[in-house]
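Written below as structure tokens is the structure these notes are about.
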Amino acid sequence: MKGLRSLYIQVGIGLVLFILFAVLINNLSINLIRTNLNFSFKWLYRPASFALAEHPLPYSPSDSYAWALFIGWLNSLKVIFISLIISTLIGFITGIARTGRNPLLKIIAASYITLIRQTPLLLQLMFWYFVGFLSIKGTLIFPNERILVLSNQGIKIFGDINLTAEYSSLVIGLTVFTGAYIAEVVRGGINSVPRGQWEAFRSVGLNENSGVLKIIIPQALPAILPGLTSQYLNLAKNSTLAIAVGYADIYAISDTIINQTGRAIEGFILLLLSFLFLNLIISLMMDFFNEIITKYQKV
Amino acid sequence: MAILLMKKINKLINNVKRTMFTSSLDTFISLFITSILFVCTVKLSKWFFLKANWTVVEENIPLFLFGVFPADQRWRPSLWLIILISLVVLTLFTPSWSFFRKLLPFAWIAVIPIGIALLAGGIGLSPVASRYWGGLTLTIFLMMSSLFLAFPFGIILAFGRQSKLQLIKYFCSIYIETLRAIPLISILFFGQLLIPLFLPVEIEINRVLRSIIAFTLFVSAYIAEDIRGGLQAIPKSQIEAAKSLGFNTFQITRFILLPQVLQIALPALTNQAVGLLQNTSLMSILGLVELLGISRSLLANPKFIGQYMEVYVWLAAIYWFICTIMALVAQNIERKTTLVKLI
Amino acid sequence: MINPIVSANELVKTYSKGLIALNNISMVVNKKEVLVVMGPSGSGKSTLIRTFNGLESFDSGELEVVGITIGTDPEDRKVREIRKRVGMVFQQFNLFPHLSILENITLAPIQVQRKNRIEAEDHAMELLSQMGIEKQAKKYPIQLSGGEQQRVAIARSLAVNPELLLFDEPTSALDPERVNEVLDAMRKLAQDGMTMVVVTHEVSFAKEVADRVVFMDSGKIIETSSPNVFFNNAKEERSRKFLNQIIK
Ligand SMILES: Nc1ncnc2c1ncn2[C@@H]1O[C@H](COP(=O)(O)OP(=O)(O)O)[C@@H](O)[C@H]1O
Ligand SMILES: [Mg+2]
């Protein structure tokens, strides 16, 4: 009786959705026929004929669109994984400082967090790129040529690692931004540990710094991990703002390709798939960490 | 008197000693930071007061506020911004028991059609095409109208995801998860490209509307998750009590679940709104001249070339200020709804 | 012969893990009767009275409540009709935290019964003064003590003029010194002729107010007796064992 009614409702709703999609798809195919673009992925094998400034693997404009996309993917990974590590460091240090006892550090951490969280990431990225790198005149050397050289070409570390200005500003912008968000996650995690734990480690004579690192943080980790995961996923998504500083990541390259070929639908599907895949990697990685932590804490 | 003062100072010194100089490492960190802070402050104030050339900001205030809106019609966006500011002030300062407070939600909703009427014109006002909209006005308009549309849509998605009807449940889940998986910039970009493709040839919609649709599709997925979080925080026994009184599903949703969910989810929803305001800046790389977009074209003007720092500091201040105001309004609403009801 | 308000016929209910919560239950509740249900924890008391207003379904058998017959897969409409005419009071009060006391009580009369607000509020105030808490009308649930909250919950279920009131351990979540204020309110209701099914461990209340006592164990009704017989001279061995445990 009840089952039948809910079946009717579902069939009805299914029908409405179906008709809606049918109309949309119909419009789409009319529009595609009008512009002579049939749905297909064959164009992926045609030469891309645009140059890329940065490519971790050999690439030339005569290579295919597919290869260009793959290079874009590698470029994205290069940004995401470095930023992920540095922003975690910044986030933990700031989060601990924010909950610590030193009032000076507390104020600095709090102002850093509010300044970063209340302004758009895009603005911050442009700041790092245009103000941070492009307006450097000549070279800035810290402490000598062997260690660190800054110029409007980018960063040179240890004399032979060259990072372009685009890559550097993107990584700096993303890490500074994500670090502030991770700091808030860490603060929440630390605050979820009962106050008695602080008294406990003080009473056994541990000093403040090692107490927080050895006693508090391990207990806060389970509460921190879910928030950390979603910040990592955000970081991956935010890395697509690379286009604003002219770094050729997966999105920037898809954008160029679509503008050249007009293949918006196919491009969208490829981008969607690559992000689903990326999210999967990050989630699996975090599940793995979660497992390690729970195991470690049971022992 | 003097003794009291001495005691206080002593206490302060002790406090500083205890918190900043307990170990040699702490002492080192504290001194190091103080010196760095000092140097930075001196350098920044030097730049701010002596080196910076603020004419780029001073000369272009109308541009930052209204973009390239026709100069003789600028009173229209100004009027809208003034209405908004008065609403913020009213929301912050009317006491919770006052009669006006009940009207405030309606005023906030009404402000969107008023904005459209004032910006687009038509009824007695000379029409202004949406490509002339810009600056802070457009930023706020994008944020408010997307939020206004995404809110009910997100609520429907959240309840849909909890539905007992499998079809609806899966549809909503797939929608929410897909939109949360992909970056906003791609949704906005493809929104610009694809929305016209999915519509009949005759229907043309402008860039502003397309971006509002894209923002709505994106934000509603996130709002749906916040609402779902709120729904899960309500004990099932509440629903049983309501059922026992004879309420039907709609009445339970309307009178028992929604009011509690909105209260629980308010902080998360505020974060979404603040995030949305910041994200409207993405439209600056997709052809709208909202606050960041107009600044980019300003910086391309040979007259102001290289004045990135001044413009960016100014923009950061505006965004920071508006985000803070939004957080304040949300806190105020939260206090006034929960204080009365729970304390 | 007057029809009983509840008549259950061979009700069986199994939870998903294969646990039999109701095992062939047949019973009636007559008009103006106060029926007390007792039994050890997990014996199926809650499950039983929750089937009476459709909060739990059952696997086989038949149930008639306030003249409406429902089977194993009842229509929503019928279940809601029953719920409109049967009130329920829970162990944890389950007041709506976002509504004032008065709003808690008037919401159902206004929204479900479509009474006008003034009338509903007058009735609510009357019920609150009957419960002795008319001063709390403007407050919110968390500002009240447990005993007061439970009396509000009773007033709320009375506001729709139910023909039957179900109580699931209404005093178990209260501080001991607050138990009597709730029991007193229930005694008054019984004197006014309300039909009630009460799951409780309060022996003195049962002795004094109950017309009959039903004793359950492992999903079965073991014994149905008058309180006099049940508390002084129970027929079944298991009942006596249980009474020994709770009176001790
Ligand atoms: N939702 C449920 N799912 C599975 N088992 C349940 C559920 N509710 C109750 N039970 C089980 O059914 C039996 C009867 O429960 P209940 O009616 O609550 O007993 P009582 O109210 O007499 O303590 C218990 O063994 C309980 O564990
Ligand atoms: Mg029970």
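The values are calculated or read from the model by the stated rules, or taken from the named source; none is laboratory data. It should be emphasised that the depicted structure is a prediction, and the values quoted were computed from it without experimental measurement. Methodologically, a virtual Cβ is constructed for each residue, glycine included, from the backbone with ideal geometry; neighbour enumeration extends over all protein chains shown. To get the accessible areas, we keep the full protein, side chains included, count just its heavy atoms, and leave off ligands, DNA and RNA. Shrake-Rupley method; radii C 1.70, N 1.55, O 1.52, S 1.80 Å.
On the given criteria, is C:G54 open to solvent by less than 60 Å² (accessible area, probe 1.4 Å), closer than 30 Å to C:S7 by Cβ and within 9 Å of another protein chain (Cβ to nearest Cβ)? Taking the combined requirement at face value, the residue satisfies it.
Take the conditions more than 16 Å from ligand 2 (Cβ to nearest atom) and either free of Cβ contacts under 8 Å to residues at least 12 places away in the same chain or surrounded by 22 or more Cβ atoms within 10 Å (Cβ to Cβ) (or both) and apply them to C:V198. Does it pass? When the stated conditions are applied, C:V198 does not pass them. Flag set for C:G39, criterion: small (G, A, S) and buried (at least 22 other Cβ atoms within 10 Å of the Cβ). Could you check, for the range C:89-98, whether at least one of its residues is over 17 Å from the mean Cα position of the chain (by Cα) and open to solvent by 20 Å² or more (accessible area, probe 1.4 Å)? Yes, the range C:89-98 has at least one match. Annotation note: of C:V6, C:V12, the sole residue that is open to solvent by less than 10 Å² (accessible area, probe 1.4 Å) and either near ligand 1 (Cβ under 9 Å from one of its atoms) or in contact with a strand residue (DSSP E or B) (Cβ under 7 Å, 6 or more places away or on another chain) (or both) is C:V6.
One residue stands out among those in the range C:156-183 that are among the aliphatic types (A, V, I, L, M), more than 16 Å from ligand 2 (Cβ to nearest atom) and within 12 Å of chain B (Cβ to nearest Cβ): the one that is nearest to the chain's Cα centre (by Cα), which is C:L165. How about the range A:127-151: which of its residues are facing chain B (nearest Cβ under 7 Å) and outside any loop (DSSP other than H, G, I, E, B)? Hits for the range A:127-151 are A:F127, A:F130, A:V131. Within the set A:G14, A:G95, A:G91, the sole residue that is over 23 Å from A:L170 (Cβ atoms), open to solvent by less than 40 Å² (accessible area, probe 1.4 Å), at pLDDT 90 or above and part of a helix (DSSP H, G or I) turns out to be A:G95.
Identification of strands (runs of 3 or more DSSP E) wholly contained in the range C:33-121 with 2 or more residues that are away from ligand 1 (no atom under 16 Å from the Cβ) and of a type outside the set (V, I, T) yields C:60-65. Exactly one residue out of B:F321, B:F255 is within 13 Å of chain C (Cβ to nearest Cβ) and either under 30 Å from B:S45 (Cα atoms) or not charged (D, E, K, R) (or both), and it is B:F255.
For (1) open to solvent by 20 Å² or more (accessible area, probe 1.4 Å); (2) more than 10 Å from chain B (Cβ to nearest Cβ), each residue gets a yes or a no:
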| position | (1), (2) |
| --- | --- |
| A:G100 | yes, no |
| A:Y112 | yes, yes |
| A:T119 | no, no |
| A:L122 | no, no |
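Looking at C:K188, C:K241, which one is over 16 Å from the mean Cα position of the chain (by Cα) and either within 16 Å of ligand 2 (Cβ to nearest atom) or open to solvent by 20 Å² or more (accessible area, probe 1.4 Å) (or both)? Being over 16 Å from the mean Cα position of the chain (by Cα) and either within 16 Å of ligand 2 (Cβ to nearest atom) or open to solvent by 20 Å² or more (accessible area, probe 1.4 Å) (or both) holds for just one of C:K188, C:K241, which is C:K241.
On the stretch given as the range B:271-292, residues that are within 12 Å of chain A (Cβ to nearest Cβ) and out of contact with any Leu (no Cβ under 8 Å at 6 or more places or on another chain) total 4.
Selection of the range A:133-151 for residues being open to solvent by less than 80 Å² (accessible area, probe 1.4 Å), modelled with pLDDT under 80 and polar (S, T, N, Q) yields only A:N144. Residues of the range A:17-34 that are open to solvent by less than 70 Å² (accessible area, probe 1.4 Å) and within 11 Å of another protein chain (Cβ to nearest Cβ): A:L17, A:L24, A:N27, A:L28, A:S29, A:N31, A:L32.
Among helices (runs of 4 or more DSSP H) entirely within the range B:71-185, having at least 2 residues that are under 28 Å from B:I318 (Cα atoms), out of contact with any His (no Cβ under 8 Å at 6 or more places or on another chain) and within 14 Å of chain A (Cβ to nearest Cβ) singles out B:135-161.
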